[in-house]
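Visitor: Have a look at this one before I ask anything.
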Amino acid sequence: NRSGNYNIWMVPVSGGSATQITRGAGPDHSMVISRDGSKFLYRQRQYIGHIWIAGTDGSDPHQITFEDASIVRVSFSPGGKEILFGFVQSVGYQEGSLVCSIDRDGKNRKQLTSGGESINNPITSPDSRWIIYGKHSLSNVTDSSMVYLIDTQNPGNPKLVGNGVPIRWIDEKTFVSFNDST
């Protein structure tokens, strides 16, 4: 990832300087070289997802997000008017993620966290007042996740609650998180 993305580089068998072969968004994997050594195949892995909404009987399916991004942990707000989700705008492995909300019709999208970190499991409290989510820096591993709490009316000031990954709310004031760093 010398160029910021996981691309393919080549180094002579005798040693020396690396030469960058691919320059895309990456990450590039599974390289194979042709018999004559003139071509190679590789796979560029990208996770792209979109949020869709439909009736429980499958009626009226329609897409409400359109960016090329990975979407994680989609859920309705307790009142059912908004959708809460994690949003990962991928740039190779140099990705950061956000907690976002959007109306059911795909309008009024709000970014609730600042980005530049990796988030997991955003969950709205039963009274819609709070959101819990896990977060760790891009340079740390997932098991270093910390649980944060944000006020839905003032999301700019997340409060650190402790170590772990949030699992679910019990009631308006109590939630469960999982900590696997033992």
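The values are calculated or read from the model by the stated rules, or taken from the named source; none is laboratory data. Because the structure is predicted, anything quoted here is derived from the model rather than measured. Cβ atoms come from the backbone with ideal geometry, glycine included; neighbour counts cover every protein chain shown. With ligands, DNA and RNA removed, areas are computed over all heavy atoms of the protein, side chains included. Shrake-Rupley method; radii C 1.70, N 1.55, O 1.52, S 1.80 Å.
Visitor: Net charge near residue 42, counting Lys/Arg +1 and Asp/Glu -1 over other residues with Cβ under 13 Å of its Cβ?
Guide: Net charge around residue 42: +3.
Visitor: Give me the extension gain from residue 66 to residue 172: residue separation times 0.36 nm, minus the current Cα-Cα distance, reported in nm with one decimal.
Guide: Separation in residues times 0.36 nm, less the Cα-Cα distance, equals 34.9 nm.
Visitor: Turning to a different aspect of this structure: Counting only other residues whose beta carbon sits under 10 Å from that of residue 29, what net charge do I get with K and R as +1, D and E as -1?
Guide: +1
Visitor: If 125, 114, 75 are ordered by their accessible area, calculated over protein heavy atoms with a 1.4 Å probe, which sequence runs from highest to lowest?
Guide: So, going from the largest accessible area down, we get 114, 75, 125.
Visitor: Keeping every protein chain present and rolling a 1.4 Å probe, give me the accessible area per residue for the range 1-113 in Å².
Guide: Each residue of the range 1-113 exposes 65 Å² on average to a 1.4 Å probe.
Visitor: Out of residues 5 or more away from residue 21 or on other chains, whose amide H comes under 5 Å of its own, with H placed 1.01 Å from N in the peptide plane?
Guide: Here 8, 9, 10 satisfy the definition.
Visitor: Just order 126-138, 33-45 by mean Cβ neighbour count inside 10 Å, highest at the front, would you?
Guide: 126-138, 33-45
Visitor: Heavy atoms only, probe 1.4 angstrom, no DNA, RNA or ligands counted: give me 85, 178, 66 ranked by accessible area, highest first.
Guide: 66, 178, 85
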